[in-house]
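I have placed the structure first, in the form of structure tokens, so that the comments after it can refer back to it.
The values are calculated or read from the model by the stated rules, or taken from the named source; none is laboratory data. Since the structure is predicted, the reported quantities are computational estimates derived from the model, not experimental observations. Using ideal geometry, Cβ is built from the backbone for each residue, glycine included, and neighbour counts are taken over all protein chains shown. Protein only, heavy atoms only, side chains kept; ligands, DNA and RNA dropped before computing areas. Shrake-Rupley method; radii C 1.70, N 1.55, O 1.52, S 1.80 Å.
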Amino acid sequence: MRRVKTPQYQLLDHTADIGLVVYGTNFKELYSNSAFAMFDLITDTSRVKPKNSMVIEVEGNNPDELMVNWLSELLYVLESRSLLLIEFDILEIDRNRLKAEVRGEHYDPARHEYFTEIKAATYHQLKVEKVDERWKAQIIFDT
Amino acid sequence: MGSQPHELKRISDYLWEIPQRGNMRVPGRIYASSALMPHIESDQSPLQVANVAHLPGIVKYSFAMPDIHWGYGFPIGGVAAFNMEEGIISPGGVGYDINCGCRLARTNLKSNEVKDKIKPLIQRLFSTVPCGVGSSGAISKLTPTELKDALVKGARWPVEKGFGERGDLEHIESYGAMKEADPDKVSRRAIERGLEQMGTLGSGNHFLEIDVIDEIYDEEVAEVFGLFKEQIVVLIHSGSRGLGYQICDDYLKVMLHAVNKYKLSLPDRQLACAPIGSAEGRNYFAAMACAANYAWANRQVIMALTKKCFEQQFRLSPRELGFQLIYDVCHNIAKMEEHTVDGKRLMVCVHRKGATRAFPPGHPDTPRVYSKVGQPVLIPGDMGDCSFVCVGSEGAMQKTFGSTCHGAGRVMSRAKAVKLSIGRPIQRELEAKGIYVLAKSKRTLAEEVPEAYKDVAEVVEVMHRAGVSPKVARLRPIGGIKG
């Protein structure tokens with residue numbers, strides 16, 4: 001299942017901006033959970049329906065870069081197509097490449113509220129690592 | 001990144017120094033008062049000041065203004081100049097919101113003429129000026145060709161379309177356009193993000209505010225600026241929107257590779273940069289200039305919309321209303337400027353990230369109308385707090401590469417601010433203080449509660465007393481709109 005069942009992520013307290021610590025039972029789930037957590041910061045995801053879908057592919061030199069590029073790609077989709085996304089079906093993934101089918105719907109001011117504008121996912125204190133049996137990511141956003 | 005805290009040596013009442021150590025090429029210098037110092041020491045921003053001092057070609061000092069707070073790589077409130085030979089240019093030294101800045105417009109109105117009309121005026125502005133995330137432009141979606149034209153022309157672009165007057169251009173930093181802009185260096189994605197957002201305020205700490213001049217500190221300068229006590233003025237704080245974020249993001253990637261290519265050793269990845277003269281460095285600068293120009297065009301459109309709302313609300317002729325741009329400054333920018341270093345004139349690349357240019361009287365880049373007194377410096381306060389008009393000085397040229405502070409600076413995370421505001425009617429609290437605010441998102445209001453910020457008066461006072469940017473006037477908000 002693509003949706004994060006709480007509590008798969010926590011807010012990180014940070015003076016200037018907002019950070020997240022996200023968990024996944026495996027590498028693949030970490031990336032879909034991170035994407036969901038980011039959109040959970042942006043809007044009330046329970047009010048978004050998976051009406052539209054698209055396939056996204058991103059690359060990176062390592063899991064860190066892959067994470068930043070993945071989230072940046074989703075922010076770009078959000079802004080250029082006004083698509084609020086809530087489901088992230090990772091079709092293929094390795095350390096350098098990710099292919100996913102993502103689903104959501106167009107922003108409708110009558111039903112959706114924007115909580116936060118995220119300018120970017122940053123490299124600051126970025127961590128993607130395996131801790132015990134779980135995968136963990138720490139991501140800080142510029143807001 | 002060094003983990004040992006850096007020593008902070010007090011140089012004077014308003015200046016601290018981080019002595020050079022390890023691979024630092026110059027010392028760090030922080031402008032602050034004893035009252036602000038605990039805030040500064042409580043986050044990692046002094047470490048970031050020291051990190052910037054590691055960068056190749058840095059000249060004199062890695063500076064921080066009193067509103068310094070933690071940023072990505074470079075601290076927010078940081079100023080650093082690099083020589084043209086070994087120096088670097090860094091997207092992290094400018095920030096994601098390229099040319100986030102502030103503009104101030106005057107009117108002939110006095111506070112008693114506006115008091116009863118503030119609510120309808122704010123409601124009119126709220127429905128006219130697009131704000132908030134997901135809002136689209138007041139002008140219909142641009143074609144890529146139109147947008148590229150705007151990226152070159154900056155504020156002149158909307159003026160040619162009837163948003164404002166040609167005379168406005170003289171009242172804008174860099175006259176509203178950096179000539180180094182080259183739209184061919186801007187990605188297709190950045191262009192795409194810019195098409196629909198021209199003339200939009202944005203969200204977060206961006207705002208449009210109606211203020212009353214409630215204190216004049218320097219009558220002579222205030223008169224030259226066209227300011228008087230009890231006058232109604234408008235303060236607009238916005239930037240280059242998604243186009244700027246995308247350009248920063250695009251070039252951070254380019255710079256991560258450049259760091260390896262040019263074998264630069266950096267204490268933090270977010271300091272990624274390239275030599276000023278390298279292809280990567282030149283391309284970033286040309287793209288950054290496009291975003292800067294977009295931001296000036298954006299603020300020009302917003303101001304023209306605001307002027308129209310005033311005309312409709314008060315049913316006054318343009319002459320009676322006297323709505324005029326005083327000045328427009330950038331807070332996030334890199335610029336090639338000539339400065340005196342050790343008695344010699346030197347071309348340097350000055351990065352101002354959360355800092356304002358503060359050029360003195362007689363400087364060739366200080367507009368002619370202000371050449372006797374110096375460039376207006378605009379320092380916005382946080383929501384509900386006062387803002388300040390200051391003036392550039394020779395002291396700024398000698399001490400800080402012609403730079404000063406830019407605002408209040410956060411002291412509290414957004415998450416904490418939201419927690420603190422739970423159950424509080426922020427809008428009514430502000431109204432009780434005589435400030436009528438309309439915001440697209442309740443969350444934005446909660447994140448921007450006054451307690452989340454440093455006291456802007458204290459920040460401005462430090463730069464006043466340090467002889468960098470003397471105070472001219474204080475602005476008290478009576479209404480505003482936010483994203």
Return one quarter of the surface area of the convex hull spanned by the alpha-carbon atoms of the stretch A:1-120, equal to its mean projected area, in nm².
7.2
What aspartates and glutamates could a cross-link reach from residue B:263, if we take a straight Cα to Cα line under 18 Å and drop same-chain neighbours fewer than 8 places away?
B:85, B:86, B:280
Considering only the protein assembly as shown, what is the antiparallel percent among its DSSP beta bridges, to the nearest 5?
95
Aspartates and glutamates with Cα under 14 Å of residue B:119, excluding same-chain neighbours fewer than 8 positions away
B:209, B:211, B:431
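What accessible area per residue, rounded to a whole number of Å², is obtained for chain A using a probe radius of 1.4 Å?
Details: 5880 Å² over 143 residues.
Heavy-atom SASA per residue in chain A reads 41 Å².
Taking N as the number of residues in the protein assembly as shown, what is its alpha-carbon radius of gyration divided by 2.2 N^0.38 Å?
Numbers: Rg = 23.1 Å, N = 626, 2.2 N^0.38 = 25.4 Å.
Rg over 2.2 N^0.38 Å, computed on Cα atoms: 0.91.
Roughly how much accessible area, to the nearest 100 Å², goes out of reach of solvent when B and A pair up, both sides summed, probe 1.4 Å? The partial results should precede the final answer.
Details: alone 18610 and 7530 Å², together 22830 Å².
It comes to approximately 3300 Å² buried between B and A.
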Take the solvent-accessible surface of the protein heavy atoms, probe 1.4 Å, and return the percent of it on the protein assembly as shown that carbon and sulfur atoms account for.
47
If the cut-off is 18 Å between C-alpha atoms, which aspartates and glutamates fall inside it for residue A:51, apart from same-chain ones fewer than 8 positions away?
A:40, A:79, A:87, A:89, A:101, A:105, A:108, A:113
Per the Cα gyration tensor, the stretch A:63-123 corresponds to an equivalent ellipsoid with semi-axes, largest first in Å, of 23, 15, 8
Binned Cα-Cα distance frequencies in the stretch B:377-454 - 10 Å width, integer %
17, 40, 24, 14, 4
Over the Cα atoms of the stretch B:335-483 the radius of gyration and the largest Cα-Cα distance (Dmax), both in Å, equal 18.1, 59
Any chance you could check the stretch A:8-42 for residues losing 50 Å² or more of accessible area when the partner protein chains are in, compared with the chain on its own (1.4 Å probe)?
A:13, A:15, A:16
Checked against a 18 Å limit on the C-alpha separation, the offending pairs among B:9/B:335; B:141/B:307; A:119/B:416; B:372/B:471 are B:9/B:335; B:141/B:307; A:119/B:416
Let me understand chain B better: what is its radius of gyration from the alpha carbons, and its Dmax, in angstrom?
21.0, 65
What would the Debye formula give as log10 I(q)/I(0) at q = 0.12, 0.20 Å⁻¹ for the alpha-carbon point model of the stretch B:302-395, no solvent?
-0.55, -1.12
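Mind checking the stretch B:40-127 for GluC sites (Glu not before Pro) that DSSP puts in a loop (not H, G, I, E or B) and that have at most 13 other Cβ atoms within 10 Å? Don't skip to the end; give the middle numbers.
Values: sites: B:41, B:85, B:86, B:113; in loops: B:85, B:86.
Here the GluC sites (Glu not before Pro) that fit, given the DSSP loop and packing criteria, are B:85.
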Out of the stretch B:11-84, which chymotrypsin sites (Phe, Trp or Tyr not before Pro) are coil in DSSP terms and have no more than 10 other C-beta atoms within 10 Å?
none
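On average over all directions, what projected area in square nanometres does the stretch B:6-129 have, based on the convex hull of its Cα atoms? If you can, show how the numbers build up before the last one.
Numbers: hull surface 46.8 nm².
Averaged projected area of the stretch B:6-129's Cα convex hull equals 11.7 nm².
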Heavy-atom accessible surface, probe 1.4 Å, ligands and DNA/RNA ignored: which residues of the stretch B:411-448 lose at least 50 Å² versus the isolated chain?
B:413, B:414, B:443
If I model a spin label at residue B:112 and residue B:220 as a point 7 Å from the Cα along the Cα→Cβ vector, what separation in nanometres do I get?
3.1
Accessible area of residue B:115, 1.4 Å probe, to the nearest 10 Å²?
140
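Rounded to the nearest 0.05, what FRET efficiency do residue B:187 and residue A:54 give with R0 = 22 Å and r taken as the Cβ-Cβ distance? Could you check? Can you show the working numbers first?
Numbers: r = 20 Å, r/R0 = 0.89.
With a Förster radius of 22 Å, E is 0.65.
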Taking the alpha-carbon centroid of each part, what is the distance from the stretch A:113-143 to the stretch B:379-425 in angstrom?
26
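Please arrange B:257, B:406 by accessible surface area, largest first, computed with a 1.4 Å probe and ligands excluded.
Values: B:257 105, B:406 30 Å².
So, going from the largest accessible area down, we get B:257, B:406.
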